[in-house]
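Reading through the structure tokens given below for one structure.
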Amino acid sequence: GYRPHDALAFTVLSGNMRYGKADASHLANLARAEKADAVALQELTPQAVQRLVAAGLQRDYPYSQVAAGPDATGVGLWSKRPMTDKETYDGFTFHQVSARIAFDASDPTRTLTLCSTHVVAPWPGPAGRWVHELSRIAVILGSQTGVSIDAGDFNSTLDVAQFRDLLKKTDYADAAKQSGAGIVRTFPADTAFPPLLGIDHVLSRGAVATGVRTVALPGSDHRGIVVRLLLPTQTL
């Protein structure tokens, strides 16, 4: 198991911005308040990027891999620590990105892969596209080496066989389940009733999630998730 001197804490904030309409100042302040090490966003428009920069997100998280786009298509990553091996993946309805992030200040060679994912919804259709994208995400995640984390809107709950199959194929853990947080419901967040579905997830391999909770994202129809993980500082 992990002992304190074997692991470093790493916090990820992930959220769907609903066509870029989520309050950028709130998001930037939230990342600071939660002491997030990295931020993963979906439905990131060019205008939202400008508002996030104006709100100071780029100042606090100077390293980024951004593939902004209109409506729901854009995604982005921001990190406090240096990024390398930035990737953008084609062939999806929405953009998908990843980057290697140095997570150990005492050893810059220790890196992890962080992805920001947005999978197309199975409805109103066609559901075959959703199945195909989950399969492609599984291939991308399975190809990563070392510690790997994928944060985003998977448009899937843990009840869905195809999503559980992705976890099984790749040997990734869902942070909510691993940490004991249970079902973390994030959508819809813009109704008079609490959210019903847990479709926003953080998945990891080679790390251990110790806590997951949802946070309000004013202007969005999703709640964000804050995930705290432990990362190994030596080979186990």
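The values are calculated or read from the model by the stated rules, or taken from the named source; none is laboratory data. Given the structure is predicted, the values throughout are model-derived calculations rather than measurements. Because the Cβ atoms are built from the backbone with ideal geometry, glycine has one as well, and the counts that use them run over all protein chains shown. Remember, those area values only see protein heavy atoms, side chains included, never the ligands or the DNA or RNA. Shrake-Rupley method; radii C 1.70, N 1.55, O 1.52, S 1.80 Å.
Observations on the structure shown:
- For the chain, the membrane-span-like helix rule (DSSP H, alpha carbon extent of at least 18 Å along the helix axis, mean Kyte-Doolittle at least -1.0) picks out 127-142; this says nothing about an actual membrane.
- In order along segment 179-193, the phi-based Karplus estimate (6.51 cos²θ - 1.76 cosθ + 1.60, θ = phi - 60°) of 3J(HN,Hα) comes to 7, x, 6, x, 6, 9, 8, 10, 8, x, 10, 10, 10, 6, 9 Hz; Gly and Pro are listed as x.
- Cα-based radius of gyration of the chain once divided by 2.2 N^0.38 Å, which approximates compact folds: 0.93
- Where a label projected 7 Å from the Cα of residue 129 along Cα→Cβ would reach, residues of segment 71-103 with amide N under 17 Å: 71-75, 90-96
- Modelled label positions at residue 136 and residue 93, each set 7 Å beyond Cα in the direction of Cβ, lie 1.2 nm from each other.
- Note on the chain: with neighbouring protein chains present and a 1.4 Å probe, carbon and sulfur make up 55 percent of its accessible heavy-atom surface.
- Net lengthening on full extension, residue 25/residue 60 (0.36 nm per residue, minus Cα-Cα): 11.3 nm
- Under 28 Å from the Cα of residue 35 - lysines, other chains or at least 8 residues apart: 21, 80, 86, 177
- Note that segment 123-236 presents 47 Å² accessible area per residue, ligands and nucleic acids not counted, probe 1.4 Å.
- Spatial separation of Cα centroids for segment 107-143 and segment 21-86, in angstrom: 19 Å
- GNM flexibility winner over the chain from 156, 135, 143 (Cα, springs under 10 Å): 143
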